[in-house]
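Novice: Okay, handing you the structure first.
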Amino acid sequence: MARHSNLRRPGRFAAAAAAFVTSALVLAGCASGGSAPGASGGGEEEASYGEISVQYSWIKNEEFAGEFYAYENGYYDEAGFDEVIGISGPDTGVAKLLSGSVQVALSDAASIGAAIAEEEAPLKIIGTTFQKNPFTILSLADGGNITTPEDLVGKTIGVQDSNASVFAALLNANDIDPADVTVVPVDFDPTPLMNGEVDGFMAYLTNEALTVELAGYEVTNLSYAENGVPYVAEAFSVTDQFLAENEDLLKAFLIAEIKGWTDVFLESTDDTVSLIETYYNEAASESEDGLEAVFGALDPVKTAKGLEAEKLLISTEETEANGLFTISDELKEQTIASLAAAGWDVSVEDLFDTTIIDEIYEENPGLKDYLP
């Protein structure tokens with residue numbers, strides 16, 4: 001039975017959480033072969049794809065609820081995998097993809113695009129979970145109350161070092177002179193915002209924005225996706241070589257993923273939160289790096305809110321029409337424009353190859369029906 005793994009990372013977990021750094025490990029590759037399965041997980045001849053490793057962008061929380069359902073409901077097994085090793089982040093996955101230590105990474109367009117633009121990295125995004133990236137400038141309603149990009153002028157904004165280029169893209173996309181905004185370095189703890197040390201804080205709609213709200217503050221969000229910087233995130237990313245050599249494997253994998261994420265929309269929030277809690281607690285118990293010491297015990301209330309928030313990033317009019325993980329031509333162009341605003345010059349052809357996900361829905365149109 002395909003299973004998930006414990007945390008397979010080096011130490012310094014807290015530092016990794018603050019910087020989203022990547023590290024290259026050398027592990028075994030994966031087996032390939034067999035025929036591509038249909039929507040039911042099997043074709044005329046049962047496929048056997050052996051083992052693959054998948055790098056998660058973050059710790060095992062609600063961002064990977066679909067993966068957890070793929071394990072629990074046997075979708076990876078049906079697809080022909082002996083083992084799917086889900087590796088906890090934080091990690092962009094770029095270095096591990098290039099080293100061959102993972103075969104798939106759940107990354108984002110900024111990380112993959114930057115690697116292509118700066119290093120000519122042979123990487124492709126083949127589908128995406130989040131149609132909208134979750135970045136926001138978070139502020140307090142009775143504080144900075146940043147409701148428009150123009151409200152950034154004259155404000156002090158806390159920005160993590162790893163997110164500096166994406167923040168610059170927000171300013172650039174809205175014709176705001178960087179000299180008109182004071183940027184101070186912060187980590188991922190929103191305490192400086194709650195203490196009034198900054199007017200705004202670069203955050204996730206699905207994470208820090210909820211932390212501050214649940215702490216009793218009325219918050220204002222300036223969403224990047226709705227304010228000039230739309231790009232895909234939690235995107236399925238692979239090397240060009242792996243894509244060329246393993247199309248059937250990737251098709252089988254993505255079908256299992258579609259089924260898992262369909263269950264996220266079909267099952268009750270309470271049941272999904274319970275499943276997430278199980279996987280989080282297992283990862284915490286197996287971690288040598290103090291997962292709970294850094295992030296604490298999983299909060300079911302915040303997890304439920306995060307789950308509902310991320311559904312709004314996953315399910316759009318386009319995915320309702322075309323299916324989960326699809327990326328429209330318009331969204332591809334918007335993503336490229338967003339990366340250009342951050343200083344990364346890539347083309348649609350450089351960054352995307354969505355042939356497999358498009359073929360999946362051509363062959364299995366019923367998989368589009370993920371909403372109850």
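The values are calculated or read from the model by the stated rules, or taken from the named source; none is laboratory data. This is a predicted model, so every value here is computed, not measured. Because the Cβ atoms are built from the backbone with ideal geometry, glycine has one as well, and the counts that use them run over all protein chains shown. In case anyone asks, the SASA skips ligands and DNA or RNA and just uses the protein heavy atoms, side chains included. Shrake-Rupley method; radii C 1.70, N 1.55, O 1.52, S 1.80 Å.
Novice: Pairs needed: first member in segment 190-207, within 19 Å of residue 169 (Cβ to Cβ) and at pLDDT 95 or above; second member anywhere, among the polar types (S, T, N, Q) and open to solvent by 30 Å² or more (accessible area, probe 1.4 Å); C-beta distance under 7 Å; at least 6 residues apart or different chains.
Specialist: 205/221
Novice: Is it the case, given these coordinates, that residue 107 is modelled with pLDDT of 95 or more, out of contact with any Phe, Trp or Tyr (no Cβ under 6 Å at 6 or more places or on another chain) and assigned to a strand (DSSP E or B)?
Specialist: In short, yes.
Novice: Could you please tell me which pairs satisfy a Cβ distance under 6 Å, a separation of 6+ or placement on different chains, a first residue in segment 325-344 that is over 24 Å from residue 358 (Cα atoms) and aromatic (Phe, Trp, Tyr), and a second residue that is crowded, with 16+ Cβ neighbours inside 10 Å and modelled with pLDDT of 95 or more?
Specialist: 344/113; 344/114; 344/117
Table: residues versus (1) among the aliphatic types (A, V, I, L, M); (2) open to solvent by less than 50 Å² (accessible area, probe 1.4 Å); (3) touching a helix residue (DSSP H, G or I) at 6+ places or on another chain (Cβ under 8 Å); (4) farther than 22 Å from residue 313 by Cβ.
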{"residue": "175", "(1), (2), (3), (4)": "no, no, no, yes"}
{"residue": "179", "(1), (2), (3), (4)": "yes, no, no, yes"}
{"residue": "190", "(1), (2), (3), (4)": "no, yes, yes, no"}
{"residue": "229", "(1), (2), (3), (4)": "yes, yes, yes, no"}
{"residue": "249", "(1), (2), (3), (4)": "yes, yes, no, yes"}
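Novice: Listed residues 130, 81, 135; which is of a type outside the set (Gly, Ala, Ser) and in contact with an Asp or Glu (Cβ under 6 Å, 6 or more places away or on another chain)?
Specialist: So the residue among 130, 81, 135 that is of a type outside the set (Gly, Ala, Ser) and in contact with an Asp or Glu (Cβ under 6 Å, 6 or more places away or on another chain) is 130.
Novice: Also: Restricting segment 119-139 to residues that are small (Gly, Ala, Ser) and touching a strand residue (DSSP E or B) at 6+ places or on another chain (Cβ under 8 Å), which is surrounded by the most Cβ atoms within 10 Å (Cβ to Cβ)?
Specialist: Within segment 119-139, the match that is surrounded by the most Cβ atoms within 10 Å (Cβ to Cβ) is 139.
Novice: Those residues that are assigned to a helix (DSSP H, G or I) and either at pLDDT below 95 or of a type in the set (S, T, N, Q) (or both), I need them from segment 304-325; list them, please.
Specialist: 319, 322
Novice: Assess whether residue 142 counts as being assigned to a loop (DSSP other than H, G, I, E, B), open to solvent by less than 10 Å² (accessible area, probe 1.4 Å) and not small (Gly, Ala, Ser).
Specialist: no
Novice: Out of curiosity, is residue 357 part of a helix (DSSP H, G or I), in contact (Cβ under 8 Å) with a residue 60 or more places away in the chain and hydrophobic (A, V, I, L, M, F, W, C)?
Specialist: For residue 357, the condition - part of a helix (DSSP H, G or I), in contact (Cβ under 8 Å) with a residue 60 or more places away in the chain and hydrophobic (A, V, I, L, M, F, W, C) - is met.
Novice: Kindly indicate which of 52, 116, 85 is open to solvent by 10 Å² or more (accessible area, probe 1.4 Å) and over 16 Å from the mean Cα position of the chain (by Cα).
Specialist: 116
Novice: Scan segment 319-333 and give yes if some residue there is out of contact with any strand residue (DSSP E or B) (no Cβ under 7 Å at 6 or more places or on another chain), under 18 Å from residue 110 (Cβ atoms) and open to solvent by 20 Å² or more (accessible area, probe 1.4 Å), otherwise no.
Specialist: yes
Novice: Is it fair to say residue 316 is surrounded by fewer than 20 Cβ atoms within 10 Å (Cβ to Cβ) and either touching a Phe, Trp or Tyr at 6+ places or on another chain (Cβ under 8 Å) or not acidic (Asp, Glu) (or both)?
Specialist: yes
Novice: Okay, next question. Which one of these is of a type in the set (Val, Ile, Thr) and either over 21 Å from residue 234 (Cα atoms) or touching a residue at least 40 places away in the same chain (Cβ under 8 Å) (or both): 348, 301?
Specialist: 301
Novice: Give the residue, chosen from 156, 239, 147, that is among the hydroxyl-bearing types (Ser, Thr, Tyr), open to solvent by 50 Å² or more (accessible area, probe 1.4 Å), touching a residue at least 40 places away in the same chain (Cβ under 8 Å) and over 28 Å from residue 298 (Cβ atoms).
Specialist: After applying the criteria, what remains is 147.
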